[in-house]
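Enquirer: Quick one: the structure is below, and I'll ask about it shortly.
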Amino acid sequence: MSTAQTKPVVLVTAADLAPQALALLDDFEIVFAGRQPTEDEIVALCETHKPAAIIVRYGKVNARIMDAAVGLQVISKHGSGIDVIDQEAAAQRGIAVRAAVGANAAAVAEHAWAQILACAKAVPSLDQRMRAGHWDKSTHKSVELDGRTLGLIGLGAIGKRVAAIGLAFGMRVLAYDPFAKSAPDEVTLVDLDTLYASSDVISLHCPLTDSNRRMVNRAAFARFKRRAILVNTARGGLIDEAALIDALADGTLRCAALDSFDVEPMIVPHPFRDIANLILSPHIGGVSDAAYVNMGTRAASNVIAVLDARAQATH
């Protein structure tokens, strides 16, 4: 294509994209929506630039945005979770939806383990106590993971990595995944009740759907092994946050760590901020130096693949 004006537009719902991804998109005009753009800002950009593709990093893409983007052909997620895209609305409009599946699997699995270890070894609270002048050597006991049971809800690319690390720690690993036809060696597929009742550590690695929203609720906590650790690097909507607060207060849970929340950014003030046995991070599990490149290049490749296929289909 000879001039920038003739290039199809890719709208990125962020302020940046990895240079390697931009290199793949050299035949496109790239429009950045800015840091954490609002729905109105994205709509306005769609009306102005009429993108052929949207790469979703921050925010949601709903029917209103799709209708504002006349000629939109593909919505490509900069990551694996496509619950932020109204997939039904996209299907009705003939817009393809793609995810960068597995592109951030290593990063999320590592962060899940950072959270598990922070809970088991009380890393944040010991650090705070030390800085306040305390020396808790005679009173503190951490949780030893060797010989304990790790329960995984979801056994995709991330869950399998978390399982492998659990096995390396000498843990027994259970998994619940209704879509898994098989499990890696030494990982046992079980039903959800068995996983809840048996696990010392439970880690969530499943997508958020209408059927599993708030699956970890009061009824679920009642089936948990007492004093378990709960970690969520998946989606905030999987956990009933009010029930979680009670489970942390009454001793059902020893500790929990969250990287995702019902409402993001997390509302301030929020009761989570005052809970000592709750560790928080701002949905950055999948954000690493390598994952930034992997997700960007995968998202860009998905855009190119869909547009090329549709172009060939019209000839």
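Enquirer: Which of the residues spanning the stretch 191-228 are β-branched (Val, Ile, Thr) and either under 17 Å from Gly147 (Cα atoms) or free of Cβ contacts under 8 Å to residues at least 24 places away in the same chain (or both)?
Expert: Initially, the stretch 191-228 is screened for residues β-branched (Val, Ile, Thr), giving 194, 201-202, 209, 216.
Those that are β-branched (Val, Ile, Thr) and either under 17 Å from Gly147 (Cα atoms) or free of Cβ contacts under 8 Å to residues at least 24 places away in the same chain (or both): Thr194, Val201, Ile202.
This table checks each residue for (1) in a helix (DSSP H, G or I); (2) under 30 Å from Cys119 (Cβ atoms); (3) at pLDDT below 95.
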{"site": "Ala276", "(1), (2), (3)": "no, yes, no"}
{"site": "Ile279", "(1), (2), (3)": "no, yes, no"}
{"site": "Pro282", "(1), (2), (3)": "no, yes, no"}
{"site": "Gly285", "(1), (2), (3)": "no, yes, no"}
{"site": "Ser301", "(1), (2), (3)": "yes, no, no"}
{"site": "Ile304", "(1), (2), (3)": "yes, no, no"}
{"site": "Asp308", "(1), (2), (3)": "yes, no, no"}
{"site": "Ala311", "(1), (2), (3)": "yes, no, yes"}
{"site": "His315", "(1), (2), (3)": "no, no, yes"}
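Enquirer: Select from the stretch 110-152 the residues that are of a type in the set (A, V, I, L, M) and either touching a residue at least 60 places away in the same chain (Cβ under 8 Å) or on the phi > 0 side of the Ramachandran plot (or both) and list them in ascending order.
Expert: Selection gives Ala112, Ile116, Ala118, Ala120, Ala122, Val143.
Enquirer: Which one of Pro8, Pro51, Pro19 is modelled with pLDDT of 95 or more, within 17 Å of Tyr292 (Cα to Cα) and assigned by TED's automatic domain parsing to the domain that holds Val306?
Expert: So the residue among Pro8, Pro51, Pro19 that is modelled with pLDDT of 95 or more, within 17 Å of Tyr292 (Cα to Cα) and assigned by TED's automatic domain parsing to the domain that holds Val306 is Pro19.
Enquirer: Output the residues belonging to the stretch 113-151 that are closer than 19 Å to Ala164 by Cβ and either out of contact with any strand residue (DSSP E or B) (no Cβ under 8 Å at 6 or more places or on another chain) or crowded, with 17+ Cβ neighbours inside 10 Å (or both).
Expert: Trp113, Ala114, Gln115, Ile116, Leu117, Ala120, Leu145, Asp146, Arg148, Thr149, Leu150, Gly151
Enquirer: Would you check if Arg172 is farther than 15 Å from Ile202 by Cβ and out of contact with any Pro (no Cβ under 7 Å at 6 or more places or on another chain)?
Expert: no
Enquirer: Among the residues of the stretch 87-141, what is the count of those that are over 21 Å from Ile279 (Cα atoms), assigned by TED's automatic domain parsing to the domain that holds Val162 and of a type in the set (Lys, Arg)?
Expert: 1
Enquirer: In the stretch 23-49, which residues are under 17 Å from Ile304 (Cα atoms) and touching a residue at least 12 places away in the same chain (Cβ under 8 Å)?
Expert: Of everything in the stretch 23-49, those that are under 17 Å from Ile304 (Cα atoms) and touching a residue at least 12 places away in the same chain (Cβ under 8 Å) turn out to be Leu24, Leu25, Asp27, Phe28, Glu29, Ile30, Val31.
Enquirer: Then there is this: Restricting the search to the stretch 87-104, which residues are part of a loop (DSSP other than H, G, I, E, B), free of Cβ contacts under 8 Å to residues at least 40 places away in the same chain and either under 28 Å from Ser288 (Cβ atoms) or small (Gly, Ala, Ser) (or both)?
Expert: Passing the criteria: only Gly94.
Enquirer: Looking at the stretch 82-99, which of its residues are surrounded by fewer than 18 Cβ atoms within 10 Å (Cβ to Cβ) and either under 16 Å from Val10 (Cα atoms) or in contact with a Pro (Cβ under 9 Å, 6 or more places away or on another chain) (or both)?
Expert: Matches in the stretch 82-99: Asp83 only.
Enquirer: Test Gly170 against the criterion of being among the small types (Gly, Ala, Ser) and buried (at least 18 other Cβ atoms within 10 Å of the Cβ), and give yes or no.
Expert: The answer is no for Gly170.
Enquirer: Let me ask something else about it. Condition (residue is assigned to a loop (DSSP other than H, G, I, E, B), in the same structural domain as Leu230 (by TED's automatic domain parsing) and in contact with a strand residue (DSSP E or B) (Cβ under 6 Å, 6 or more places away or on another chain)) applied to the stretch 155-170: is it met by at least one residue?
Expert: Among the residues of the stretch 155-170, at least one is assigned to a loop (DSSP other than H, G, I, E, B), in the same structural domain as Leu230 (by TED's automatic domain parsing) and in contact with a strand residue (DSSP E or B) (Cβ under 6 Å, 6 or more places away or on another chain), which makes the answer yes.
Enquirer: Among the residues of the stretch 106-128, is any over 30 Å from Asp289 (Cβ atoms) and of a type in the set (A, V, I, L, M, F, W, C)?
Expert: No, because not a single residue in the stretch 106-128 is over 30 Å from Asp289 (Cβ atoms) and of a type in the set (A, V, I, L, M, F, W, C).
Enquirer: Still on this structure, please answer the following. Residues of the stretch 242-257 being in contact (Cβ under 8 Å) with a residue 40 or more places away in the chain and closer than 16 Å to Met215 by Cβ, which ones?
Expert: To start, the set of residues in the stretch 242-257 that are in contact (Cβ under 8 Å) with a residue 40 or more places away in the chain comprises 254-257.
Within the stretch 242-257, just Ala256 meets the criteria.
Enquirer: Oh, and also: Let me confirm something: among Ala234, Ala197, Ala242, Ala222, which residue is aliphatic (A, V, I, L, M) and crowded, with 18+ Cβ neighbours inside 10 Å?
Expert: On the way: Ala197 fails: crowded, with 18+ Cβ neighbours inside 10 Å; Ala242 fails: crowded, with 18+ Cβ neighbours inside 10 Å; Ala222 fails: crowded, with 18+ Cβ neighbours inside 10 Å.
Every option except Ala234 fails the conditions.
Enquirer: Can you name the residue in the stretch 248-262 that is small (Gly, Ala, Ser) and part of a loop (DSSP other than H, G, I, E, B) and is also farthest from Ala220 (Cα to Cα) among such residues?
Expert: Filtering first and then ranking leaves Ser260.
The values are calculated or read from the model by the stated rules, or taken from the named source; none is laboratory data. Predicted model only: the values in this text are computed from it and were never measured. Glycine also receives a Cβ, built like all others from the backbone with ideal geometry; neighbour counts cover every protein chain displayed.
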